[in-house]
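Visitor: I'd like to ask some things about the structure below.
The values are calculated or read from the model by the stated rules, or taken from the named source; none is laboratory data. Owing to the predicted nature of the structure, the values given are computational and were not obtained by experimental measurement. Cβ sites come from the backbone with ideal geometry, for glycine too, and all protein chains shown count toward neighbours. Keep in mind that these areas ignore ligands, DNA and RNA; they rest on the heavy atoms of the full protein, side chains included. Shrake-Rupley method; radii C 1.70, N 1.55, O 1.52, S 1.80 Å.
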Amino acid sequence: MLEIKNGECFLGRTLTLSDGKKELSVTLDVGPRIIDFRVKDGFNIMYEDVADAVNKDVSSFYGEGAHWHIYGGHRLWLSPEDITTYYPDNGEVTFELVPNGVEFKPKAWAKIDVQPSVRIEFLPGGEIKITHSVTNLGEERNLCLWALTVMKSGGKMTLPLSTEDTGFLANRNIVMWPYASFGDERLALSDDKAVLTSSTKIAPPFKFGVYKREIEAVYELESEGRKVRFTKRIKGEDGSAYPDYCCNFESYCTDLIHEIETLSPVTKAACGETVTHTEIWNLERI
């Protein structure tokens, strides 16, 4: 039986959803952000930017005084990244009850003419389905949905890589950003997996990306002697166009945050058409 109740966090009002074994809270005054995710009686695995350490002046595009704030937690963006990606989603969020969950919707994003929403559904087996949707409100355009889960730094992210024998064709891609080095001690690559271990003592940013037909990323985090495992899964699409040299998965870390990110294919959407991107989450003690 799903329990839904009102709550509060440092960002104001929240709505908390719980199946008795795990719970998550979503902001209602900004975002939306899944700002808290924990097993029952456990700790929050999401980063909470109480000090507003990560923000960006976006007034050059969105107008005087416009600022974007990471806030923390899980959010929906559009890719590829540029100044328009940093929409200042600092307003109220509405919600609607759906079977086994809730759908959250902010006001339409002005200037880029889209209506985003995030639907959260608790599945019978204990997993959680996160459906991200973006409706195009303007002229025909390409849309790529980008789902970023901002965890606390200091954990280990493991991503299996393809071991498929594709003969003469490549079966793996590793994409690096200009500020990232293959020599970074936080990254470990082997034939079958990539491991990115963030550290609260290493501040410079690091980011890499890959494509794999089916993504199952695992983030393990320990706090005060308790350890949990967060799992995020998506199914990719063969032959689809993905951004960033064909990445449907990316991971970014600093001393503050560790992001577990997935992306939809780039999809042409006419006015009124909606593009969706679905993740399956799980969280358990280990």
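Visitor: Among (1) in contact with an Asp or Glu (Cβ under 6 Å, 6 or more places away or on another chain); (2) open to solvent by 60 Å² or more (accessible area, probe 1.4 Å); (3) within 22 Å of residue 247 (Cβ to Cβ), which single condition is residue 100 missing?
Guide: (3)
Visitor: Of all residues in region 47-97 being of a type in the set (Phe, Trp, Tyr) and closer than 19 Å to residue 26 by Cβ, which is surrounded by the most Cβ atoms within 10 Å (Cβ to Cβ)?
Guide: Taking the candidates together, the pick is 71.
Visitor: Scan (1) over 16 Å from the mean Cα position of the chain (by Cα); (2) surrounded by 14 or more Cβ atoms within 10 Å (Cβ to Cβ) for the single condition residue 35 breaks and write down its number.
Guide: Looking at each condition in turn, residue 35 falls short on (1).
Visitor: When residues of region 5-20 are filtered for being closer than 24 Å to residue 154 by Cα and either in a loop (DSSP other than H, G, I, E, B) or open to solvent by less than 20 Å² (accessible area, probe 1.4 Å) (or both), how many remain?
Guide: Final tally of qualifying residues: 2.
Okay, residues lined up against (1) aromatic (Phe, Trp, Tyr); (2) in contact (Cβ under 8 Å) with a residue 24 or more places away in the chain; (3) within 18 Å of residue 84 (Cα to Cα):
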site	(1), (2), (3)
116	no, yes, yes
130	no, yes, no
151	no, yes, no
171	no, no, no
183	no, no, no
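Visitor: Look through 140, 121 and report the one residue that is acidic (Asp, Glu), farther than 22 Å from residue 26 by Cβ and out of contact with any Asp or Glu (no Cβ under 8 Å at 6 or more places or on another chain).
Guide: Criteria check complete, one pass: 140.
Visitor: Moving on. Would you mention how many residues in region 153-192 are open to solvent by 80 Å² or more (accessible area, probe 1.4 Å), farther than 18 Å from residue 244 by Cβ and within 22 Å of the chain's Cα centre (by Cα)?
Guide: Residues that pass the stated criteria total 1.
Visitor: Another one. Considering only region 54-112, give the strands (runs of 3 or more DSSP E) lying wholly within it that have at least 2 residues that are closer than 18 Å to residue 35 by Cβ.
Guide: Strands (runs of 3 or more DSSP E) meeting the threshold: 67-69, 73-78, 93-98, 101-106.
Visitor: Go through region 177-286 and tell me which strands (runs of 3 or more DSSP E), entirely inside it, have 2 or more residues that are at pLDDT 95 or above and closer than 19 Å to residue 79 by Cβ.
Guide: So the answer is 206-210, 214-223, 226-235, 249-253, 257-263, 267-269, 274-285.
Visitor: Search region 21-42 for residues that are assigned to a strand (DSSP E or B) and pair each with any residue that is of a type in the set (Gly, Ala, Ser) and surrounded by fewer than 21 Cβ atoms within 10 Å (Cβ to Cβ) when their beta-carbon atoms are under 6 Å apart and the residues are at least 6 apart or on different chains.
Guide: 25/7
Visitor: What pairs come out if I take residues in region 65-90 that are within 19 Å of residue 144 (Cβ to Cβ) and of a type in the set (Asp, Glu) and pair them with residues that are open to solvent by less than 40 Å² (accessible area, probe 1.4 Å) and in a loop (DSSP other than H, G, I, E, B) whose C-beta lies under 9 Å away, six or more apart or interchain?
Guide: Correct list of pairs: 89/30; 89/31; 89/32; 89/33; 89/71.
Visitor: Quick one: which residue in 268, 232, 227 is among the basic types (Lys, Arg) and within 12 Å of residue 147 (Cβ to Cβ)?
Guide: Result of the check over 268, 232, 227: 232.
Visitor: In region 209-243, how many residues are in contact (Cβ under 8 Å) with a residue 24 or more places away in the chain, within 20 Å of residue 132 (Cα to Cα), touching a strand residue (DSSP E or B) at 6+ places or on another chain (Cβ under 9 Å) and among the acidic types (Asp, Glu)?
Guide: 1
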